[in-house]
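Chemist: Mind looking over this structure? Questions follow.
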Amino acid sequence: MKIELTDNAMQWFRNEWGLQPGEVMRLFVRYGGVGGFTLGLKKDKCLKQPCISATKDDITFFIAEEDIWFLEDQSLLVDYDTTRDDIVFSRELSLPLTMQEK
């Protein structure tokens, strides 16, 4: 499992949320959307029991241990959709590491 952030998504976060280097964003599970559960975002002051995290442009995004069930062995891509002018989340199955990758 991993979080991947595109350059376009990072630019959107800097423009829309005013994110600066050193800041932390928490991704959390919330009820709503089409499938019943979706991801929410909020600025956080520190990493709270991070299960997985990614840092890009010195801004850290993380999912806490209590919300990791939502990914169920999947990786998360955070991207920007120009048509919707919004952030989109895509989950992809994480393949197990081979012996050479470990």
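The values are calculated or read from the model by the stated rules, or taken from the named source; none is laboratory data. Remember, predicted model here, so these are calculated numbers, not experimental data. Note: ideal-geometry Cβ built from the backbone for every residue, glycine included; neighbour counts use all protein chains shown.
Chemist: Quick one: Thr55 ticks every box in (1) within 17 Å of Val88 (Cα to Cα); (2) modelled with pLDDT of 90 or more bar one, so which box is it?
Modeler: Just one mismatch for Thr55, condition (1).
Chemist: Separate question: Could you list all residues from segment 67-86 that are over 10 Å from the mean Cα position of the chain (by Cα) and under 16 Å from Thr38 (Cβ atoms)?
Modeler: Asp67, Ile68, Trp69, Phe70, Leu71, Glu72, Gln74, Asp81, Arg84, Asp86
Chemist: If I ask for residues that are in contact with a strand residue (DSSP E or B) (Cβ under 6 Å, 6 or more places away or on another chain) and modelled with pLDDT under 90, which ones from segment 68-102 would you list?
Modeler: Matches in segment 68-102: Ile68, Phe70, Gln74, Arg91, Glu92, Leu93, Ser94.
Chemist: Name the single residue, out of those in segment 58-67 being surrounded by fewer than 18 Cβ atoms within 10 Å (Cβ to Cβ) and out of contact with any Cys (no Cβ under 7 Å at 6 or more places or on another chain), that is modelled with the highest pLDDT. Break it down stepwise before answering.
Modeler: From segment 58-67, those surrounded by fewer than 18 Cβ atoms within 10 Å (Cβ to Cβ) are 58, 65-66; that's our starting set.
So of that shortlist, the ones also out of contact with any Cys (no Cβ under 7 Å at 6 or more places or on another chain) come out as 58, 66.
On the way: Asp58: 96, Glu66: 89.
Filtering segment 58-67 for residues that are surrounded by fewer than 18 Cβ atoms within 10 Å (Cβ to Cβ) and out of contact with any Cys (no Cβ under 7 Å at 6 or more places or on another chain), the one modelled with the highest pLDDT comes out as Asp58.
Chemist: Scan segment 1-13 for residues that are under 18 Å from Phe62 (Cβ atoms) and of a type in the set (D, E, K, R) and jot them down. Quick ask: steps written out before the conclusion?
Modeler: Our first condition is that a residue be under 18 Å from Phe62 (Cβ atoms); within segment 1-13, this holds for 1-6, 9-10, 13.
Those that are under 18 Å from Phe62 (Cβ atoms) and of a type in the set (D, E, K, R): Lys2, Glu4.
Chemist: If you take the residues of segment 1-41 that are under 11 Å from the mean Cα position of the chain (by Cα) and basic (Lys, Arg), which of them is modelled with the lowest pLDDT?
Modeler: Lys2
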